[in-house]
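Asker: Structure provided below as structure tokens; questions to follow.
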Amino acid sequence: MSAAPSRQVEVAALERVANRVKRFEFVPCDGQPLPVFSAGAHVVVTMREGDRVFRNPYSLMGSPFSTDRYQISVLRAPESRGGSAFMHEKVKEGTKLEISQPVNLFPIVGTGRKHLLIAGGIGITPFLAMMEQLKATGSPFELHYGMRSAEEGAYFERLNSLPGVHIYREDRSERIPLAEILGNQPLGTHLYVCGPQGMIDWTLKTAAQEGWPEDNVHYEHFAAPPPGEPFLVKLAKSGREVKVGAHQSLLEALEQAGVDAPYLCRGGACGQCLTRVVSAEGALIHNDHVLTDEEMREGKLIATCVSRGTGCLTLDL
Amino acid sequence: MTKMFTSTMFKDETFRDDYTFANSPESIKRFPFPFWEDQYNYSVNIEPHVPGPKGSVYEFPIDIDEHYVSDMRDRAIVLKEDPLRVQALPHMMTAQWDTLELLMTSMAEAYPEHFTLNRNGDDWHWINRPLGIEDRFRFGDAATLPYEPMEYITRQCQGDFAILDHRDNNLWMDAGIATSQADWSLDFDIGMNFMEWHAPVPMAHDMGIFDRALKFLLAMQYGSPVRRLNWTMTINPRLDTSPENYHKWGKDRASVTPENVGDKVHLRVELQGLWRLPRSNAILFSIRAYLLKMRELVTMPDHARRFHRILSTLPPELAEYKGLTRYVDVTRDWLAQYDDGEPTPKGFLFK
């Protein structure tokens, strides 16, 4: 299911929008319109550097109705596995890249009566598209955006003066009054949070404490796959062996070896890449948000996009 | 020129009262016969909805065939008698526009002699020659069309449609049109989720089929539609075998005799297509019914052999679920005369 036809795009413009954050505009190389998309969708950008291939998911942040260009914002990860560093250092105006069709794992719930958007740092990007869509459908919303400082907060200037937008700056000791916000919403409100893991955990916990139904709380995080010790993977069906480097994900190592492994979100959220573990000499290090605690203990499945092993794993591939 | 071609291509026939529906020899040949082996096996059999051979039902994303004009006339009759056959919950308006766009662009691209779509930004101009329709409207503004967008375009497109909203890790049947359905009711199912509307299907739940199918559908991506074939049987070539009109057609199932099997009994195959819609993130589910008389089926010897063997191995609970119990034995016995025991080719029998 990860083989939806991809598109060749060219970087038409790029600019620095905050410390360590750049915005990129992609236009289609073939001149054919890009598909409209639903807000919250991401594309997977494929970057090739020599024989290395990086694939990172980035939220589409422009208007969902614009078919002449897509926009993404990229935070340069402090310990980049290659992707965000490539985007920041190698990609220039005119660079050609490959993008997937839009995939939405963080959609607006159409039946919601009101939409409460909670952003932290680079987690603002899907909400920029959501705000366009909510405005177009006339749906009530509020955005609460936490950032370290105006210099660190992407699109601070653009958002600062907009109605319905509340900005909180750490350098001014401002903090999102989450309990107060969540405690005073009309029935039928849906909550969306995108940001660092700590912020997501805090939001989910606060929502539970304030009595929010689980079905009304939605989150997305594009945490990079955590690095770890190098390990070896044996493929049971093909009999091949693949080495996974310290700063490489299992999925990336499989792809580099030419294995057509399934994926969608590349962030441990959707479960599309779950692969059966035939045997493991060593431990499994699960970093996904799909498997239950019990399934993690059983060790029969692994999310190749974010999880790792130690020693040697044999996979049903 | 176009007019003449149009009038000869589309048949003038009925799916009710005098039941004049019949297939041309070409139409019999392209019938999507859903069995790939000589015994019945339940299978979800989903495959990518990619273009098939020229002339096949898979040639284009949306198949328009010789029954189009009469089919649409039958739909209009059903809708006039029962407006609840088309429904859309308020949050589905974006998905309705997605549906209109998908169907119009597919039809215009596949059949330029019949349909034309001119787009200038949001100003759209649609021409449907076989039905004599021409409208200019503003995409996104439902007030500029004579019906809501889904109803407008599905009154001009063969097949029933359901639009499934994707939320809470489930799919919800929140809009649709059903006038040619095999005994299910949109009015009953509207607002239900995937597990709820499949609840009556026997056996498949225990096999975990619906859990796997739902997981697959939730991961469906824009640009990668899929399809599957489903089948049942219908007495008389009636498109509208709905629960709402059961009193009109249910009794026909007791009317089958060895003498009239060939004309009365029809294999009914649904070509089901599934598309991820771009703006709404909803899934469009199309259910296009094809009918084939037993008399038409037996003009193809391998089809006749195979269908006889399918009916001989069909579990009774599935015959019951499909509503075949009253006439499955007499049909199987009639087909026996066309089954000489010879082997059939492996795999699907149609291109």
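Where a number appears in this text, it was derived from the coordinates with a stated rule and is not lab data. Predicted model, so just to flag it, every value in this text is computed and none were measured. Please note: Cβ atoms are built from the backbone with ideal geometry, for glycine as well, and neighbour counts cover all protein chains shown.
Asker: Send over the semi-axes of the stretch B:117-275's equivalent ellipsoid, whole angstrom and largest first, taken as the square roots of 5 times the C-alpha gyration tensor eigenvalues.
Answerer: Semi-axes from the Cα gyration tensor: 31, 25, 14 Å.
Asker: So, one more: On alpha-carbon atoms, Rg over Rh for the stretch B:1-93 using Kirkwood Rh?
Answerer: 1.03
Asker: Could you state, as a whole-number percent, how many of the C-alpha pairs of the stretch B:78-148 are farther apart than 19 Å?
Answerer: Value for the stretch B:78-148 (Cα pairs over 19 Å): 41 percent.
Asker: Something else now. If I build a Gaussian network model for chain B, linking alpha-carbon pairs within less than 10 angstrom, which residue out of B:Phe285, B:Phe115, B:Phe188 has the largest mean-square fluctuation?
Answerer: In this elastic network of chain B, the residue with the biggest mean-square fluctuation among B:Phe285, B:Phe115, B:Phe188 is B:Phe188.
Asker: Counting only Cα, what are the radius of gyration and maximum Cα-Cα distance Dmax of the stretch A:164-223, in Å?
Answerer: 11.9, 34
Asker: Next question. For the stretch A:1-160, what number results from the quotient of the Cα radius of gyration and 2.2 N^0.38 Å?
Answerer: Against the empirical 2.2 N^0.38 Å value, I get 1.03 for the stretch A:1-160.
Asker: Sticking with this one: Around A:Leu14, what is the net charge, scoring Lys/Arg as +1 and Asp/Glu as -1 over all other residues with Cβ under 15 Å from its Cβ?
Answerer: Once positives and negatives cancel, what remains is +4.
Asker: Can you tell me the mean projection area, over all orientations, of the convex hull of chain B's alpha carbons? Units nm², please.
Answerer: If I average the Cα hull's projected area over directions, I get 17.3 nm².
Asker: Mind checking which of A:Gln272, B:Gly191, A:His218 is farthest towards the positive end of the protein assembly as shown's charge dipole, using Cβ charges of +1 (Lys, Arg) and -1 (Asp, Glu) about the Cα centre?
Answerer: Checked the options; the winner is A:Gln272.
Asker: Please report, in whole Å³, the volume per residue of the convex hull around the C-alpha atoms of the stretch A:160-317.
Answerer: Working: hull volume 24.7 nm³, N = 158.
That works out to 156 Å³ per residue.
Asker: Another question about this same structure. Please list, in chain and number order, the residues 5+ apart from A:Phe141 or on another chain whose amide H is under 5 Å from its amide H, with Hs placed from the backbone.
Answerer: Result for A:Phe141 returns A:His115.
Asker: Can you give me the C-alpha center-to-center distance between the stretch B:214-268 and the stretch A:79-121, rounded to a whole angstrom?
Answerer: Their Cα centres are 44 Å away from one another.
Asker: Let me ask something else. For A:Lys22, list the aspartates and glutamates whose Cα falls under 19 Å from its own Cα; do not include residues on the same chain fewer than 8 positions away.
Answerer: A:Glu10, A:Glu79, A:Glu89, A:Glu93, A:Glu98, A:Glu151, A:Glu152, A:Glu157
Asker: In addition: Length gain on complete extension for the stretch B:Asp168 to B:Lys346, per 0.36 nm per residue less the alpha carbon to alpha carbon distance?
Answerer: Details: separation 178, 0.36 × 178 = 64.08 nm, distance 4.18 nm.
Length gained, B:Asp168 through B:Lys346: 59.9 nm.
Asker: Okay, moving on. Quote the relative contact order of the stretch B:7-88 in percent (integer), defining contacts as alpha-carbon pairs under 8 Å separated by 6+ residues.
Answerer: So the answer I get is 38 percent.
Asker: Cα to Cα, under 30 Å, and not fewer than 8 places away if on the same chain: which lysines meet these conditions relative to A:Lys237?
Answerer: In chain and number order, the partners are A:Lys300, B:Lys215, B:Lys346.
Asker: Taking the Cα centre of the stretch A:231-315 as origin and charging only Cβ (+1 Lys, Arg; -1 Asp, Glu), how large is the dipole, in debye to the nearest 20?
Answerer: 220
Asker: How much of the pair distance distribution for the stretch A:122-229 lies past 21 Å, counting alpha-carbon pairs only, in percent?
Answerer: 39
Asker: Using a cut-off of 10 Å between beta-carbons, work out the net charge of the residues near A:Gln185 (Lys and Arg +1, Asp and Glu -1, A:Gln185 not included).
Answerer: Once all neighbours under 10 Å are counted, the net charge is 0.
Asker: Evaluate the relative contact order of chain A (contact order divided by residue number), counting alpha-carbon pairs under 8 angstrom at least 6 apart; express in whole percent.
Answerer: Numbers: 667 pairs, mean separation 47.4, N = 317.
Computed value for chain A: 15 percent relative contact order.
Asker: Bins of 20 Å, beginning at zero and ending with the bin holding the largest distance: percent of Cα pairs per bin for chain A, please.
Answerer: Pair shares across the bins are 31, 57, 12.
Asker: Return the inverse of the average 1/r over all pairs of distinct C-alpha atoms in the stretch B:14-153, which is the Kirkwood hydrodynamic radius, in Å to one decimal. Could the numbers behind the result be given before it?
Answerer: Details: mean 1/r = 0.0565 Å⁻¹.
Every distinct Cα pair counted, the radius reaches 17.7 Å.
Asker: Please state the Cα pair-distance histogram of the stretch B:280-325 with 5 angstrom bins from zero: what percent is in each bin?
Answerer: Reading the bins upward from 0: 5, 15, 15, 19, 19, 11, 6, 5, 4, 0.
Asker: Between A:Leu187 and A:Thr310, what's the calculated FRET efficiency when r is the beta-carbon distance and R0 is 35 Å? Round to 0.05.
Answerer: On the way: r = 48 Å, r/R0 = 1.38.
The pair A:Leu187/A:Thr310 has a calculated efficiency of 0.15.
Asker: For the protein assembly as shown, what does the helix formula give at 222 nm: sum of -39500 (n - 2.57) over DSSP H segments with n ≥ 4, over the residue count, nearest 500 deg cm²/dmol?
Answerer: The per-residue figure over the protein assembly as shown is -6500 deg cm²/dmol.
Asker: Take the Cα coordinates of the protein assembly as shown, assign each an equal point scatterer, and use the Debye formula without solvent to give log10 I(q)/I(0) at q = 0.06, 0.11 Å⁻¹.
Answerer: -0.40, -1.20
Asker: Projected area of the stretch B:204-334, taken from the Cα convex hull and averaged over every viewing direction, in nm²?
Answerer: 9.8
Asker: Pick from A:Thr275, A:Thr46, A:Thr111: which is most flexible by mean-square fluctuation in a GNM of chain A where alpha carbon atoms under 10 Å apart are linked?
Answerer: With Cα springs under 10 Å in chain A, the top fluctuation among A:Thr275, A:Thr46, A:Thr111 is at A:Thr111.
Asker: Separate question: Taking springs between alpha-carbon atoms closer than 10 angstrom, which of A:Gly211, A:Gly268, A:Gly94 fluctuates most in the Gaussian network model of chain A?
Answerer: A:Gly211
Asker: Let me have the relative contact order for chain B, percent, based on Cα pairs under 8 Å that are six or more residues apart.
Answerer: Values: 599 pairs, mean separation 77.9, N = 351.
Relative contact order for chain B comes out at 22 percent.
Asker: While we're looking at this one, here's another question. Which values, in whole Å and largest first, are the semi-axes of the equivalent ellipsoid of the stretch B:168-255 obtained as the square root of 5 times each eigenvalue of the Cα gyration tensor?
Answerer: Values: eigenvalues 151, 45, 39 Å².
Working from the Cα gyration tensor, I get semi-axes of 28, 15, 14 Å.
Asker: What fraction, in whole percent, of alpha-carbon pairs in the stretch A:230-317 exceed 22 Å separation?
Answerer: The calculated P(r) of the stretch A:230-317 puts 14 percent of pairs beyond 22 Å.
Asker: Based on alpha-carbon atoms only, what is the radius of gyration of the stretch B:251-310 relative to the globular estimate 2.2 N^0.38 Å?
Answerer: Normalised Rg, Cα atoms only: 1.63.
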